[in-house]
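Data first, discussion second: the structure below is written as structure tokens.
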């Protein structure tokens, strides 16, 4: 994809359906590959990250194919039935795929090499390596516990009771996946609730999972193939919701969006800021879904931190765009996790919004953003981070002049149709590839 140029937008109107949830898509493929029998998946996100997970699972012996009706069929190997791959598993840009696959493979008596792109190779894996080592897996990694690395799985994982120092759905999920073949129950306790997609889906596949306050316990046992409906990704919907809130005279409805309570922190924050999203709940098939409607809103600054952060960690870049336009200062705290995402998102937000004339006070674990500011068109770059790329495009919709966003190929990892969706809602090409 060429660099994108974003122009000031007219009113955003109409309806859209965000792509399938990336976190749920990864998990549906992995559990399907580990289950007995066949799994059918509807609504799978067909972005680069998820397609990379499918490719890695095929290398591990699963049969995965896309059917003519757009659904995906997975013929699983059964719990513990994955086979040693002939080549390195390349997970591209996906930290979710890398960390969850480490857990899944850690319960198999085999050796696997894993790597990824330059961004993923720079992200630390120590938080997931440490508990998996306690369960009997062995690792040889680069300095700082980074990819590429060699994993030697355990023939019979040791059951553990593990307390996470920082809430992390990826680390929690890796431990639970390794625990499917453990010699007894495995439990994980978090300091705050993180997204629970793994627990929901494990139950769908027949696993015995108990949740008590902040502790999740899994009893080892087989998984059985099932049918999975992947809801629309609320993290992708976030860019459209913020755009609707800040573009004059906008009003949009997004259909079949996942509204799992562990993921709806952005909706809570928007509500406090004055943007009250209307929810029309739909059928629940494993994960809760709803239609979301929002129009232009006068926003007020707020403070975001504590238990809210794990529920909106991926939405912070676009939340920062909204905060700059709100009345009053917005503070984001307890978000040091942003330092080790696809980019250092705290530094990236301050740097790139700064190029657009917006002041952001960078802090070690977050930022402060004074409100009532104005965006001006500028030349900015995502640094290969898909959420930064889309957030900068949204900022460009309300900027004075033209905004050129470099490094936008990464958008395909989570929202392949982002540009087309925005332009359809605007009824004009407000985000375009440069000629």
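The values are calculated or read from the model by the stated rules, or taken from the named source; none is laboratory data. Values in this document were obtained by computation on a predicted structure and should not be read as measured data. Counting neighbours? That spans all protein chains shown, and the Cβs are built from the backbone with ideal geometry, glycine included.
General remarks:
This table checks each residue for (1) crowded, with 19+ Cβ neighbours inside 10 Å; (2) over 24 Å from the mean Cα position of the chain (by Cα).
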{"residue": "93", "(1), (2)": "yes, no"}
{"residue": "99", "(1), (2)": "yes, no"}
{"residue": "109", "(1), (2)": "no, yes"}
{"residue": "121", "(1), (2)": "no, no"}
{"residue": "134", "(1), (2)": "no, yes"}
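- Residue that is surrounded by fewer than 23 Cβ atoms within 10 Å (Cβ to Cβ) and either modelled with pLDDT of 95 or more or within 20 Å of the chain's Cα centre (by Cα) (or both), where the choices are 51, 31: 51
- Scanning the range 325-336 turns up at least one residue that is outside the structural domain of residue 121 (by TED's automatic domain parsing), out of contact with any helix residue (DSSP H, G or I) (no Cβ under 6 Å at 6 or more places or on another chain), surrounded by fewer than 23 Cβ atoms within 10 Å (Cβ to Cβ) and closer than 23 Å to residue 125 by Cβ.
- Qualifying residue in the range 271-279 (condition: modelled with pLDDT under 95, in a loop (DSSP other than H, G, I, E, B) and assigned by TED's automatic domain parsing to the domain that holds residue 317): yes
- Filter result (in a loop (DSSP other than H, G, I, E, B) and within 17 Å of residue 39 (Cα to Cα)) within the range 203-229: 205, 206, 207, 222, 223, 225, 226
- All positions within the range 230-243 that are more than 27 Å from residue 189 (Cβ to Cβ), part of a helix (DSSP H, G or I) and touching a helix residue (DSSP H, G or I) at 6+ places or on another chain (Cβ under 8 Å): 236, 238, 239, 240, 241, 242, 243
- Scan of the range 409-435 for residues that are assigned to a loop (DSSP other than H, G, I, E, B) and under 24 Å from the mean Cα position of the chain (by Cα), ordered by number: 414, 415, 416, 417
- Counting only residues that are surrounded by fewer than 19 Cβ atoms within 10 Å (Cβ to Cβ) and farther than 15 Å from residue 315 by Cβ, the range 267-287 holds 10 of them.
- Filtering 361, 352, 315 for residues that are buried (at least 22 other Cβ atoms within 10 Å of the Cβ) and free of Cβ contacts under 8 Å to residues at least 60 places away in the same chain leaves a single hit, 352.
- Filtering the range 244-270 to residues that are touching a residue at least 60 places away in the same chain (Cβ under 8 Å), part of a helix (DSSP H, G or I) and touching a strand residue (DSSP E or B) at 6+ places or on another chain (Cβ under 9 Å) leaves 244, 245.
- Residue 252 meets all of the listed conditions (1) within 30 Å of residue 7 (Cα to Cα); (2) surrounded by fewer than 21 Cβ atoms within 10 Å (Cβ to Cβ) but one, namely (2).
- Given (1) within 30 Å of residue 205 (Cβ to Cβ); (2) assigned to a loop (DSSP other than H, G, I, E, B); (3) in contact with a strand residue (DSSP E or B) (Cβ under 7 Å, 6 or more places away or on another chain), index of the condition residue 342 fails: (3)
- Enumeration of residues in the range 139-172 that are part of a strand (DSSP E or B) and closer than 18 Å to residue 122 by Cα: 139, 140, 141, 142, 146, 147, 148, 149, 150, 151
- Positions within the range 195-210 being more than 22 Å from residue 158 (Cβ to Cβ) and under 23 Å from the mean Cα position of the chain (by Cα), in sequence order: 195, 196, 197, 200, 201, 203, 204, 205
- Flag if residue 293 is over 21 Å from residue 390 (Cβ atoms) and modelled with pLDDT of 95 or more: no
- Matching option when the condition is modelled with pLDDT of 95 or more and either assigned to a helix (DSSP H, G or I) or in the same structural domain as residue 260 (by TED's automatic domain parsing) (or both), among 200, 188: 200
- Residue within the range 385-399 that is more than 12 Å from residue 321 (Cα to Cα) and either surrounded by fewer than 19 Cβ atoms within 10 Å (Cβ to Cβ) or in the same structural domain as residue 49 (by TED's automatic domain parsing) (or both) present: no
- Residue identified as in contact (Cβ under 8 Å) with a residue 60 or more places away in the chain and under 12 Å from residue 131 (Cβ atoms) among 171, 200, 188, 166: 171
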